[in-house]
Amino acid sequence: MAPIVKRNHWVVRLTHWVNVVAIVIMAGSGMRIFNAHPAFARPGERFPLNPWEGRPIPEWLTFGGWLAGARHWHFAMMWLLVANGLLYLGFLFFHGEWRDIVPRRGDARDAWEMLKFYLFVRKDHPAQAKHNALQKSAYFAMPVLAIIIVLSGLAIWKPVTFSFITRLFVNYKWARFVHFVAMALLLLLALVHVFMVFAVDPYSLRAIVTGWYDRTRSPEARNARPFYHLFGPAREPPASRELPPV
Amino acid sequence: MNVDRRRFLTISAASLGGALLAACNADPKSARKLLSLAEHGNQRVEEGLFRHTAMNHVPSSAPVAGASFPKYMISKTTPIWDTAARGVWRLEVAGAVRRPLSLTLDDLMKLPRITQKVDHFCVEGWNARATWSGVRVSDLARVAQATDDAQYVDFTSFDEDYHESWDMASAMHPQTLVAYGMDGYLLTPAHGAPARLHSPVKLGYKNTKYLTRVVFMPKQNGGYWSDQGYEWYGGT
């Protein structure tokens, strides 16, 4: 097989970068909205699950300037986020690429092997398909979290009109908490994702911009751990054998 | 494949640039235009989704906020109706109506009373429960015989110049009350005495306290917070 392959379809690349913009603005404005009342307890109640009740998020992490401005950004950008998410999930479904991220039997064991490799317990990089098992679970968790975020978002945007959605999360207070925690988890996964791109597979940047990927420089080919063999030599593609004589 | 690559480099560079630009200034003119477009679109969606059958349900066992219920006003001190200076408090129901009303608190309390435990959703993100007693705005509209011109309702207060106007559908929701009682007692000045607007279908800032006038109108006339940049619709 050719060493340079098309790794990411244009729909995946487009939705990935639209997502970067949409999520940054959604999370930033969401945190600004949160700062108007940086607690989950109702007035007069307590909320022991949040050890930082009442403590706002640093302003430099927020977006939108003030509560009303942040709300306008949030309720405008949500359409882009949802449209983009539907395009991505629709593509994944109809193009069959959901197979690259939906968990299957054996993934837990493979993820364990990956972890062992990263922790130097295991010498060689486990064999993988498009993604390794840890990546796969992260890339699967992201859309799942996004769906939870959108549902809990609808639950707190329209707690009366969509009271049937709000009730999925018990009530408004808990829906708001779920919305916040799911956002925090999604941001955490995104940060880990960016870290791993630069620490393990910088060559994948090309694949998410132009779509092309050099398989001889894949982490599997380089036996790369975070920061190890970061710029290791490309491995020669396996030599072709001469045709046997007839 | 070069075109492809160039296209995506351009797109990603443009979107990243846009995000950076937006991060530097969250409210440039072009963004404001886009945001107000989105607000209008959202309002149309919200009005389309609005149903009088979609109600706020608070479990009967749920505790009310009681003394912790936030007290909010524009004036520096709690507005109190001064009977000596202004005469007996009356609620005017006027505008696009065939029978304008001028109701004393006693008159108001003679109209059908609704008592409901509902949420109060603040734009800041908290919600608080209380049991409100009062008259449905839809009953006031019925008694005053609102005309077909009544497409919007303005709720005016004696708390400085505070007022907020509503779309007719939200005002006619069965849980939208002119409330004079809270948790079984007459309203206290901190919560908008003698009467206030209260409904779970709109955010707190749309629920005018210290109510004096209910005016039915063919057009909306903004409101205290709506004029300062908060969504006019403010629906839940």
Among A:ARG105, A:ARG46, which is out of contact with any helix residue (DSSP H, G or I) (no Cβ under 8 Å at 6 or more places or on another chain), farther than 30 Å from B:TYR230 by Cβ and either more than 9 Å from chain B (Cβ to nearest Cβ) or not in a helix (DSSP H, G or I) (or both)?
A:ARG105
Meets criteria (touching a residue at least 40 places away in the same chain (Cβ under 8 Å) and either within 9 Å of chain A (Cβ to nearest Cβ) or crowded, with 16+ Cβ neighbours inside 10 Å (or both)) for B:ALA96
yes
Looking at B:LYS117, B:LYS110, can you tell me which residue is within 14 Å of another protein chain (Cβ to nearest Cβ) and not small (Gly, Ala, Ser)?
B:LYS117
Which of the residues that make up segment A:194-234 are acidic (Asp, Glu) and in contact (Cβ under 8 Å) with a residue 40 or more places away in the chain?
A:ASP214, A:GLU220
Spans of helices (runs of 4 or more DSSP H) in segment A:153-242 with at least 3 residues touching a Phe, Trp or Tyr at 6+ places or on another chain (Cβ under 9 Å):
A:172-199, A:204-209
Listed by first then second residue, the pairs whose first member lies in segment B:121-139 and is within 7 Å of another protein chain (Cβ to nearest Cβ), whose partner is polar (S, T, N, Q), with beta carbons under 6 Å and at least 6 positions apart or on separate chains, are B:PHE121/B:ASN127; B:PHE121/B:THR236
Within segment B:137-153, track down each residue that is surrounded by 22 or more Cβ atoms within 10 Å (Cβ to Cβ) and in contact with a Ser or Thr (Cβ under 9 Å, 6 or more places away or on another chain).
B:VAL137, B:VAL153
Given the conditions (1) more than 23 Å from the chain's Cα centre (by Cα); (2) on the phi < 0 side of the Ramachandran plot, report the number of the one that A:PHE180 does not fulfil.
(1)
Identify the single condition in (1) within 11 Å of chain A (Cβ to nearest Cβ); (2) touching a strand residue (DSSP E or B) at 6+ places or on another chain (Cβ under 9 Å); (3) at pLDDT 85 or above that B:ARG5 does not satisfy, given that it satisfies every other one.
(3)
In the set A:ALA83, A:ALA76, A:ALA70, the lone residue that is of a type in the set (A, V, I, L, M), modelled with pLDDT of 95 or more and in contact with a Leu (Cβ under 7 Å, 6 or more places away or on another chain) is A:ALA76
Every residue from segment A:102-141 that is over 21 Å from A:LEU188 (Cβ atoms) and loosely packed, with under 14 Cβ neighbours inside 10 Å:
A:VAL102, A:ARG104, A:ARG105, A:GLY106, A:ARG109, A:LYS116, A:PHE120, A:VAL121, A:LYS123, A:ASP124, A:ALA127, A:ALA129
Hey, any hits in segment A:85-101 for a residue that's surrounded by fewer than 17 Cβ atoms within 10 Å (Cβ to Cβ), in contact (Cβ under 8 Å) with a residue 60 or more places away in the chain and within 11 Å of another protein chain (Cβ to nearest Cβ)?
no
Answer from B:SER68, B:SER165, B:SER102, B:SER75 - the residue that is surrounded by 16 or more Cβ atoms within 10 Å (Cβ to Cβ), in the same structural domain as B:THR208 (by TED's automatic domain parsing) and among the hydroxyl-bearing types (Ser, Thr, Tyr)
B:SER165
Report yes if B:VAL88 is loosely packed, with under 14 Cβ neighbours inside 10 Å, modelled with pLDDT of 95 or more and over 21 Å from A:PHE169 (Cβ atoms), otherwise no.
yes
With the structure loaded, tell me whether A:GLY85 is farther than 16 Å from A:LYS173 by Cα, out of contact with any strand residue (DSSP E or B) (no Cβ under 9 Å at 6 or more places or on another chain) and part of a helix (DSSP H, G or I) or whether it fails that test.
yes
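The values are calculated or read from the model by the stated rules, or taken from the named source; none is laboratory data. Computed from a predicted structure; not experimentally measured. FYI the Cβ positions are ideal-geometry reconstructions off the backbone, even for glycines, and counts take in every protein chain you see.
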